[in-house]
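Here's the structure, in structure tokens; my notes come after.
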């Protein structure tokens with residue numbers, strides 16, 4: 001469907017360029033004039049190989065023509081959207097960006113009300129983000145550079161860019177792209193005009209059908225655990241009411257088409273990639289795979305169809321992009337913000353070693369709190385946020401003359417006896433671990449400082465979930481949640497499929513090398529020189 005949106009845009013842009021006497025920037029051997037950084041929310045690296053024979057569009061083009069690393073990792077402990085996106089273009093782990101989980105991401109901050117959005121939607125801004133990103137590094141060398149960041153999710157649009165103010169937009173459930181007052185007091189005319197097209201509403205009453213014949217999908221269609229036991233069989237119908245259609249569009253593949261159409265429009269309107277003496281940035285985060293993965297699981301027929309549709313949509317976007325920008329001057333990067341696990345109670349054919357338990361530590365926590373009270377420690381001095389035990393008021397331990405770590409270690413010992421718990425480590429012990437061979441310890445240290453408020457971390461066994469979670473999800477330090485594609489394509493890139501183990505934090509410094517700029521601060525990533533021509 002994106003072809004229908006882009007065809008008019010491409011033609012009108014070409015006519016406008018002719019009337020203004022504009023032309024595409026001349027090829028340059030020194031650096032790209034446009035960086036397109038694509039983050040696919042919940043994109044497992046193995047989706048490229050799992051669906052390899054059916055990919056014919058953008059994923060196919062990037063996979064065959066780029067530098068592809070199947071062993072790419074979001075090398076930190078809480079594999080969620082906010083920390084993952086904050087690492088993509090900063091080259092730094094969450095312990096250094098300050099974005100350690102979704103709940104401490106872009107919402108619940110002052111002076112961040114949304115513009116022309118639903119009143120119930122939370123404000124958003126990057127004020128918790130620490131440090132700089134690739135856009136800042138480029139701007140320090142090329143002050144006239146421009147950027148645009150687009151996503152269905154607020155954190156997907158905001159965090160790749162960091163704290164810089166500029167063109168950053170995300171989706172409102174009212175069917176419009178919005179931004180917050182951190183960035184502007186009103187929407188630009190081109191955004192208002194795009195919103196006026198009411199693309200989400202145009203899908204009212206349409207059905208999501210399989211892209212290919214049913215026999216092209218190996219996954220069963222009728223799996224009652226999917227979608228909460230409701231509407232789990234193809235086709236999936238969009239409500240006939242236009243406003244309801246806009247509200248639910250986030251869960252249908254067409255949301256990616258709309259996001260890409262908006263990104264293409266903004267690129268044209270802002271003139272990204274048109275100047276031969278600078279590198280502009282177009283950051284796109286595509287969120288539909290995450291919505292469908294949570295609802296139906298990573299081993300569902302719906303997820304399979306979504307990846308095929310994502311492939312076609314990206315292909316049409318790249319075709320349109322290269323009609324108006326010289327491909328020789330464009331650098332494309334693609335990754336994921338995290339991976340995914342199947343439903344804990346599902347016998348998965350895609351994940352044959354899938355053994356999961358639901359874990360509750362409520363009895364152990366209650367017993368621990370009783371011990372604290374008996375020792376004279378107010379229980380408000382400590383909290384548990386699923387995996388992490390956090391000391392909120394260390395003075396209350398000191399007042400009772402109780403060593404916080406020693407007391408918390410007793411809870412860890414109880415937790416380790418619960419089925420489904422792999423380990424329960426004091427952060428002080430993790431800091432002494434062999435992080436070369438102990439990936440879980442390493443990923444937790446990339447998440448939290450040893451001298452911070454987090455004092456103990458519980459890690460569940462692979463594929464196990466915390467009790468009360470009824471959707472397929474992610475968030476653990478295990479490889480299935482951390483493994484994402486790392487891919488570079490285009491200007492200056494040496495094509496190949498690489499077996500090296502790399503991290504998402506390596507992407508920003510590698511791009512900086514290709515662009516010819518330097519980080520403005522110490523970073524955690526390294527330049528992947530094997531990808532540079």
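Each value in this text was obtained by applying a stated rule to the coordinates, not by laboratory testing. Just so you know, these numbers come straight off a predicted model, no measurement behind them. Glycine gets a Cβ as well: all are built from the backbone with ideal geometry, and neighbour counts include every protein chain shown.
Give, to the nearest whole percent, the P(r) tail of region 403-533 beyond 22 angstrom, counting all Cα pairs.
In whole percent, the share of Cα-Cα pairs in region 403-533 beyond 22 Å is 53.
In what order do 106, 454, 515 fall by count of nearby beta-carbon atoms within 10 Å, going from fewest to most?
The most exposed by this proxy come first: 454, 515, 106.
By count of other Cβ within 10 Å, fewest leading, how are 136, 290, 438 ordered?
438, 136, 290
Send over the Kirkwood Rh of region 29-72, from the inverse of the averaged 1/r over different Cα pairs, rounded to one decimal Å.
For region 29-72, the Kirkwood estimate is 12.2 Å.
Would any residue of region 61-91 have its amide N under 13 Å from a label point 7 Å out along Cα→Cβ of residue 494? List them or say none.
The answer is 67-68.
Please state the shape class of region 69-174: rounded when a/c is under 1.5, otherwise prolate if a/b exceeds b/c and oblate if not, all from the C-alpha gyration tensor.
oblate
Quick one: grab the alpha carbon gyration tensor of region 357-402, order the square roots of its eigenvalues as a ≥ b ≥ c, and give me rounded if a/c is under 1.5, else prolate or oblate depending on whether a/b is larger than b/c.
Oblate, because a/c is 1.5 or more while a/b does not exceed b/c.
Given contacts defined as C-alpha pairs under 8 Å and at least six residues apart, what's the relative contact order of region 203-265, whole-number percent?
41 percent
When the convex hull of the C-alpha atoms of region 302-379 is computed, what volume per residue in Å³ does it have?
Value for region 302-379: 211 Å³ per residue.
Gap in Å between the Cα centre of region 229-255 and the Cα centre of region 473-533?
35 Å
Could you work out the relative contact order of the chain? I mean the mean sequence separation of Cα pairs under 8 Å and 6+ apart, divided by the number of residues, in percent.
29 percent
In percent, how large is the relative contact order of region 358-461, given Cα pairs closer than 8 Å and 6 or more residues apart?
This gives 30 percent for region 358-461.
If neighbour count is taken as other Cβ atoms inside 10 Å, put 243, 384, 507, 249 in order from fewest to most.
Ascending Cβ contact count within 10 Å gives the list 243, 384, 249, 507.
Give me the number: length gained by fully extending residue 410 to residue 513, i.e. 0.36 nm times residue separation minus the C-alpha to C-alpha distance, one decimal in nm.
32.2 nm
Rounded, prolate or oblate for region 358-461? Axes are the square roots of the Cα gyration tensor eigenvalues, ordered a ≥ b ≥ c, and the cut-off for rounded is a/c under 1.5.
Note, shape of region 358-461 comes out oblate.
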